[in-house]
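See below for the structure under consideration.
The values are calculated or read from the model by the stated rules, or taken from the named source; none is laboratory data. This one's a predicted model, so the numbers in the text were calculated from it and none came from an experiment. Because the Cβ atoms are built from the backbone with ideal geometry, glycine has one as well, and the counts that use them run over all protein chains shown.
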Amino acid sequence: MGNCASTGKHRFSASPDDIAVEMSSTQAAKEPPLCMIHGLMGCTMRKTGALAFIPVRAALGLPTPSLALPTKWEADVQASDGAVIGEPLTQIGCCGCVLHDQYGEFMEAFAKRRQDHFSYDWRRELGESAKRLEEHLEAMVKKYDAPVQCVAHSMGCMLLLAVMHRRPELIHSAIFAGGTFAGGIGYHHLLARGERIGLNGTLVAPEAVATWPCAYATASPVGDPLLIGDDGTPHWQILDKAKLKKGEAAPVEIDWYDIETWERLGLGVFRHGAKPSDEMRAHVATALRLGKQFQGEMRAVRNDPRDYPPCATLIGHGYQGEDFFLWDAEACTMKEVWRGDGLYVHKSSGPPPLEGAPPPCETDGLLPYFCSTLPPGVPHSKHRARHNGPAQKCGHMDLIDEVEQIDEILQELTAEASQRNKGMAKLPSTLKRHHTALASMVSLTRRGGRQRASLLRNSIM
């Protein structure tokens, strides 16, 4: 969930109604079908018939059904807790008072579009969720007889990118709003301290988050190239507190996908010397292994750049956030707030950085700007969110509410896709057949391995 407040139902210059009226003047049938993919904690959830996420009673601090998942696995598939996934989260309120509005503004603005939004269990393993998204887009293409225009937010961006690498033909065009492509330390903060939902500190407690495979799949792999700037210097790094104070070079490399590293450094369920059960340790090991596997899939740019659909990123930049982290090697602990030891997250409102530390970086209130840029090899346009920043009280979770800007970007992407199709139509018929045959064969063989796809390319060319 976001850490920045909203100022009202419709915060920006145009209301969803204004955009909906404008869009109604176009021929809706000619617009591609639309799919929104939400982020972490982005849809409703019921357990044993009761609303588990997010009931008003949770915000009031009253007992609610646990969000913990079973820690048993079979053939890399986690056991189910029987949760029933509902619609993307819209308004949460009580007695006419709106406490939170997540995706309602977006859904209202684009209500006149042909659309089937994708909801998934955001707690579960991301590879599993990406497969479900692929099946969802396949069904939409069959239903509407057209590829799908996608708008993904936060963790949903990771799912969409993984699917796009495998099946670019399913996607007409895509906006990635606040994507977590370079995750840094990922969701370690949730594993360390959880997150309060209103007055409730147990719904998303560390004990529950520890059972969510998604929490182990968002950190950057060792040597993440997305964390390195064009000049070769790191955007972001972990520094050893004791060495930095001595004026020594102090970068610390942490392998977030190695369970022995977690045990040695006291991360997650191993904090404060804790000894989790054999089943919990096996669960963490499986989640880390599958998380690393998903990271590889998400970052595997395996297509010619020309084969990707038109893409854009929408990124916030109005905050100053995490620029470096301090690791206390002597204490061998990881903390989210520095109180003389542990991990120090420097923010613009906090104490001054130590001498030799990097300057603060631009963030959307949660994610650094560079984290939301697509990996090299995926052509895309970059757009800075117009209203992101403390002055507007709009942060990471509010990026999806930039409905006027999103509509403009969608129109640009539609025009680009149309132009591509016109260019394809002008190709000589023989060349067009070869191009189509190549695309189909590569798509069919992609699942069977790169070698067969390469052989097919060579045989046609």
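Does segment 414-433 contain at least one residue that is at pLDDT below 90, more than 30 Å from Gly186 (Cα to Cα) and among the hydroxyl-bearing types (Ser, Thr, Tyr)?
Yes - at least one qualifying residue is present in segment 414-433.
Kindly establish whether Thr180 is β-branched (Val, Ile, Thr) and under 23 Å from Phe270 (Cβ atoms).
The answer is no for Thr180.
Going by the conditions given, is Leu161 farther than 23 Å from Cys361 by Cα and either in the same structural domain as Arg299 (by TED's automatic domain parsing) or not in a helix (DSSP H, G or I) (or both)?
Answer is yes for this residue.
Would you check if there is a residue in segment 166-177 being touching a strand residue (DSSP E or B) at 6+ places or on another chain (Cβ under 6 Å) and among the aromatic types (Phe, Trp, Tyr)?
Yes, that holds for at least one residue.
Only residues that are touching a helix residue (DSSP H, G or I) at 6+ places or on another chain (Cβ under 9 Å) and not in a helix (DSSP H, G or I): list them for segment 186-204, please.
Gly186, Tyr187, Gly194, Glu195, Ile197, Gly198, Leu199, Asn200, Thr202, Leu203, Val204 - these are the residues of segment 186-204 that are touching a helix residue (DSSP H, G or I) at 6+ places or on another chain (Cβ under 9 Å) and not in a helix (DSSP H, G or I).
Taking Glu404, is it crowded, with 16+ Cβ neighbours inside 10 Å, modelled with pLDDT of 85 or more and within 25 Å of Glu31 (Cα to Cα)?
yes
From Asp81, Asp121, Asp145, Asp116, grab the single residue that is in the same structural domain as Asp304 (by TED's automatic domain parsing), of a type in the set (Asp, Glu), within 20 Å of the chain's Cα centre (by Cα) and farther than 22 Å from Glu297 by Cα.
None of the other options fit; the residue is Asp116.
For segment 263-272, state whether one or more residues are among the β-branched types (Val, Ile, Thr), modelled with pLDDT under 95 and under 22 Å from Arg193 (Cα atoms).
The answer is yes, given that some residue of segment 263-272 is among the β-branched types (Val, Ile, Thr), modelled with pLDDT under 95 and under 22 Å from Arg193 (Cα atoms).
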